[in-house]
Amino acid sequence: LTNTLNPDINTKDLVEEEVVHYESFDGMEIPAILYKPHQASDENKIPALVWVHGGPGGQSRIGYHAPIQFLVNHGYAVIAVNNRGSSGYGKSFYKADDRKHGDEDLKDCIYAKNYLAQTGWADTSRVGIIGGSYGGYMVAAALTFTPNAFDVGVDIFGVTNWLRTLRSIPDWWESQRKALYKELGNPYEDSTYLKKISPLFHAENIQKPIMVLQGANDPRVLKSESDEIVEKARQNDVPVEYVVFEDEGHGFTKKENEIEAWGKILKFLNQYLKGEEKATE
């Protein structure tokens, strides 16, 4: 009945997403949304990105998603994984990652590479992982706990220190605090476990290029967290790009910042995943 798409967008540039399923390490079926670039073929294999939603407990769905379409339009396949713990698939699936974060849910993301290999048109020698908030945590977890699983990582407002994040939850977020304590752990009682699953304390394992984007006013993921993991990653002598937005919090509220962020993400991926020379500013 209506068409709300920006008239400046050429619909021929967009790709139609596809719902797919694949088996994870333990046989659990993982749903995902697959985006195939127009130019991808068996003769023209293209690099791919595993996209991880926020949450924990979020869900990637069918529908127009500007950042994903932007990346696909520039030649990257995207598989948006709904790892165990995602909402929309029943209570058992939703609770399947409780107290198993950075482990079984991460393996679900890694096993997406097996599905990509079966397509015939995805180049699984060039696969990155990207996500925001909890998805950003999964990026940092992948690069620290399974340092050879992905070739690059883009962490957007991601948690790297669960102890600090859970302790710094504001009073007005009380209901979410209780839910997170139940799912992830109580930082005052389960500090050993939370330190184990926090990428910040394992940053010496980072071996692949990493990009971190952070809002200076983020009340959920404090800037100090990103400062620290960036500093530690740089000590590993690997490519690290750090982008801080002084006028943002947890997520983008200003379109000009969002445009700047995705432009820089594309340049980062082109350099370290496609292997193109760094573009001049």
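The values are calculated or read from the model by the stated rules, or taken from the named source; none is laboratory data. Fair warning: this is a prediction, and the values are worked out from it, not measured in the lab. Reconstructed Cβ throughout: ideal geometry from the backbone, glycine too, with neighbour counts over all protein chains shown. Heads up: the accessible areas ignore ligands, DNA and RNA and are worked out on the full protein's heavy atoms, side chains in. Shrake-Rupley method; radii C 1.70, N 1.55, O 1.52, S 1.80 Å.
How charged is the neighbourhood of ASP108? Take every other residue with its Cβ under 13 Å from the Cβ of ASP108, and add Lys/Arg as +1 and Asp/Glu as -1.
-3
Mind pulling up the Rg/Rh value for region 41-148? Radius of gyration and Kirkwood radius, both on Cα.
Here Rg/Rh amounts to 0.97.
When the chain is fully extended, how far beyond the present Cα-Cα distance does THR124 get from ASN217, taking 0.36 nm per residue of separation?
Separation in residues times 0.36 nm, less the Cα-Cα distance, equals 29.8 nm.
Starting from the amide H of GLY58, placed 1.01 Å from N in the peptide plane, find each other amide H under 5 Å away whose residue is 5 or more places distant or on another chain.
SER87
Quick check: the angle from helix 223-234's long axis to the longest principal axis of the chain, C-alpha only, nearest 10 degrees?
70
Protein chains only, probe 1.4 Å: how do LYS208, LYS254 rank by accessible area, largest first?
Numbers: LYS208 45, LYS254 70 Å².
Largest accessible area first, the list is LYS254, LYS208.
Multiply the residue separation of GLU23 and GLU43 by 0.36 nm, subtract the distance between their alpha-carbon atoms, and state the gained length in nm to one decimal.
4.6 nm
How long are the semi-axes of the equivalent ellipsoid of region 205-254, defined as square roots of 5 times the Cα gyration tensor eigenvalues? Whole Å, largest first.
22, 10, 7
At a 1.4 Å probe radius, which order do HIS53, HIS74, HIS38 fall into by accessible area, largest first?
From most accessible down to least: HIS38, HIS74, HIS53.
Using just the alpha carbons, could you tell me how many Å³ per residue the convex hull of region 131-281 encloses?
Dividing the Cα hull volume of region 131-281 by its residue count gives 109 Å³.
Mind checking which lysines have their C-alpha under 24 Å from LYS196, skipping anything on the same chain fewer than 8 residues away?
LYS196 reaches LYS95, LYS100, LYS107, LYS178, LYS182, LYS208, LYS223, LYS232.
GLY131: net charge of surrounding residues, Cβ under 14 Å, Lys/Arg +1, Asp/Glu -1, itself excluded?
Residues near GLY131 contribute -3 overall.
Taking θ as phi - 60°, what are the ³J(HN,Hα) couplings along region 97-105 by the Karplus curve (6.51, -1.76, 1.60), each to the nearest whole Hz, with x for Gly and Pro?
Per residue, the Karplus-derived 3J(HN,Hα) values read 9, 4, 6, 9, 6, x, 10, 6, 5 Hz.
Can you tell me the dipole magnitude for the chain around its Cα centre, using point charges on the Cβ only (Lys, Arg +1; Asp, Glu -1), in Debye to the nearest 20?
The calculated dipole for the chain is roughly 480 debye.
Separation between the LYS274 and ASP98 pseudo-spin-labels, each 7 Å from Cα along Cα→Cβ, expressed in nm?
Here the answer is 4.5 nm between the modelled labels.
Tell me the net charge near ALA117. Cut-off is 15 Å between Cβ atoms, ALA117 excluded, with +1 for each Lys or Arg and -1 for each Asp or Glu.
After counting each charged neighbour, the total is 0.
Mind putting a number on the dipole of region 199-281 about its Cα centre? Charges go on the C-beta only, +1 for Lys and Arg and -1 for Asp and Glu, and I need it in Debye to the nearest 20.
Using Cβ point charges on Lys, Arg, Asp and Glu, region 199-281 gives about 260 debye.
Using the Kirkwood radius over C-alpha pairs as Rh, can you work out the diffusion coefficient of the chain via Stokes-Einstein at 37 °C, viscosity 0.692 mPa s, in µm² per second?
Numbers: Rh = 19.1 Å.
The Stokes-Einstein estimate is 172 µm²/s.
Hey, with R₀ at 22 Å, roughly what FRET efficiency would GLN207 and GLU258 work out to, going by the Cβ-Cβ distance, to 0.05?
Using R0 = 22 Å, I get an efficiency of 0.15.
Can you give me the C-alpha center-to-center distance between region 1-60 and region 205-221, rounded to a whole angstrom?
Their Cα centres are 24 Å away from one another.
Given a 1.4 Å probe and the protein chains all in place, what does the accessible area of PHE25 round to, in Å² to the nearest 10?
70
Going by accessible area, probe 1.4 Å, with all protein chains left in place, what is the ranking of LYS232, LYS178, largest first?
LYS178, LYS232
Compute the orientation-averaged projected area for region 90-130 from the convex hull of its Cα atoms and round it to one decimal in nm².
3.8
Could you give the length gained by full extension between HIS74 and VAL244, i.e. 0.36 nm per residue of separation minus their alpha carbon distance, to one decimal place?
58.8 nm
Note down the accessible area of LEU266, probe 1.4 Å, to the nearest 10 Å².
Rounded to the nearest 10, the figure is 20 Å².
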